[in-house]
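Working notes for the structure below.
The values are calculated or read from the model by the stated rules, or taken from the named source; none is laboratory data. Keep in mind the model is a prediction, meaning the values are calculated, not measured. Neighbour counts are summed over all protein chains in view; Cβ atoms, including those assigned to glycine, are modelled from backbone coordinates with ideal geometry.
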Amino acid sequence: MKYALLDTGNCRKLEQVGKYRLIRPALNAFWSPSLPQKEWDRADGVFERDSTGGGKWKWSCNVPESWLVQWGDFELNVKPTNFGHLGFFAEQYTNWEWFRKVIPIIPGKARMLNLFAYSGVGSMAMAEAGAQVTHLDAARGMIDWGKSNQQINDKVPDTIRWIADDVQKFIRREIKRGNKYNGIALDPPTFGRGSKGELWKIEQHLGQLLQDCRTLKDDSKPFFIVLSCHSPGFSPLVLERMVCDVFGKGESYLGEMKVPEGKKHSLPAGNFVRFAQGFDEKVCGLVKV
């Protein structure tokens, strides 16, 4: 059973998540729904957010703790959480497709680093493309979730190293160890804490993290970095300028992440920039900056 965004409006989204129909917040959907109310009334579950940043689910039927759904050419383990998440970000699928296209171009065995990597879908796309992947997330539960996703996708090779750690501390240790990477992906949160309570604020820490990522760049091969986020103020142009300020000249492609909604619409869901050096920009779909 597949995932599909059926409709949006009134700051909500109606999703078909396998066999279950769910309603979750979509705080930028200021328009009116396209589908009639009877389609929304068929929802099996509704997530209502509260003032704490969390919320609760209201179910109209018995729903299992987890189930499988297809998206981005993967089978994914879905678990509705107390924050309204399902275990994957549908808007990232074009980045997964780009990994599959670009990584095979890198000579030899490409080494990838996936930071704030969540439940492992991006890491699986990298591994499927032939890379040796280091997957890093501060939450041990996300590491376990990612491993379970890999287990149900036989086409993904066992080339992912799963690590639960604070991103900033891990990167500094990698620098000391002299490790290098051919590609880095990061989807930093606006605010968060590391595995031992370390504080992260994107406006304070992202610039230094990019500087540290530059130190990890393997200068002997083509290199790319994919930076995405959902934080207010971090527009595609802001992300591109931050990356170019650190990595210098290259090729880039930037824009809004979005989830297809039927045949005519899409729901915007964050911003991204893809930046590369040493690739043919026509092959990678990038332009010089």
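Suppose we filter segment 188-245 for residues that are in a strand (DSSP E or B) and either touching a Leu at 6+ places or on another chain (Cβ under 8 Å) or more than 19 Å from GLN277 (Cα to Cα) (or both); how many remain?
Residues of segment 188-245 in a strand (DSSP E or B): 191-193, 199-201, 217, 223-229.
Next, only the ones that are either touching a Leu at 6+ places or on another chain (Cβ under 8 Å) or more than 19 Å from GLN277 (Cα to Cα) (or both) stay: 191-193, 199-201, 225-229.
Number satisfying all stated conditions: 11.
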Can you tell me which residues in segment 183-200 are in contact with a Phe, Trp or Tyr (Cβ under 6 Å, 6 or more places away or on another chain) and either at pLDDT 95 or above or under 17 Å from ASN271 (Cα atoms) (or both)?
GLY183, LEU186, ASP187, PRO188
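Does GLY207 satisfy the criteria of being touching a Pro at 6+ places or on another chain (Cβ under 6 Å) and either touching a residue at least 24 places away in the same chain (Cβ under 8 Å) or of a type in the set (A, V, I, L, M, F, W, C) (or both)?
Numbers: touching a Pro at 6+ places or on another chain (Cβ under 6 Å): no; either touching a residue at least 24 places away in the same chain (Cβ under 8 Å) or of a type in the set (A, V, I, L, M, F, W, C) (or both): yes.
Here the answer is no, as GLY207 does not meet what is asked.
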Strands (runs of 3 or more DSSP E) contained in segment 55-148 and holding at least 2 residues surrounded by 20 or more Cβ atoms within 10 Å (Cβ to Cβ) and either in contact with a Pro (Cβ under 7 Å, 6 or more places away or on another chain) or modelled with pLDDT of 95 or more (or both)
67-71, 74-78, 111-115, 132-137
Scan segment 244-259 residue by residue and report those that are within 17 Å of LYS217 (Cα to Cα) and out of contact with any Cys (no Cβ under 9 Å at 6 or more places or on another chain).
CYS244, ASP245, GLY248, LYS249
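Looking at the structure I just gave you, is GLU203 at pLDDT below 95 and either touching a helix residue (DSSP H, G or I) at 6+ places or on another chain (Cβ under 8 Å) or on the phi > 0 side of the Ramachandran plot (or both)? Spell out how you get there, then give the answer.
Numbers: at pLDDT below 95: yes; either touching a helix residue (DSSP H, G or I) at 6+ places or on another chain (Cβ under 8 Å) or on the phi > 0 side of the Ramachandran plot (or both): no.
Here the answer is no, as GLU203 does not meet what is asked.
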Filtering segment 117-172 for residues that are under 15 Å from LYS196 (Cα atoms) and in contact (Cβ under 8 Å) with a residue 40 or more places away in the chain leaves a count of 5
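Please tell me if ILE171 is of a type in the set (Val, Ile, Thr), under 28 Å from ILE106 (Cα atoms) and surrounded by 14 or more Cβ atoms within 10 Å (Cβ to Cβ). Let's see the steps before the verdict.
On the way: of a type in the set (Val, Ile, Thr): yes; under 28 Å from ILE106 (Cα atoms): yes; surrounded by 14 or more Cβ atoms within 10 Å (Cβ to Cβ): yes.
Yes; evaluated as a whole, the condition is true for this residue.
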Residues located in segment 230-264, provided they are on the phi < 0 side of the Ramachandran plot, loosely packed, with under 15 Cβ neighbours inside 10 Å and over 21 Å from the mean Cα position of the chain (by Cα)
ASP245, LYS249, LYS263, LYS264
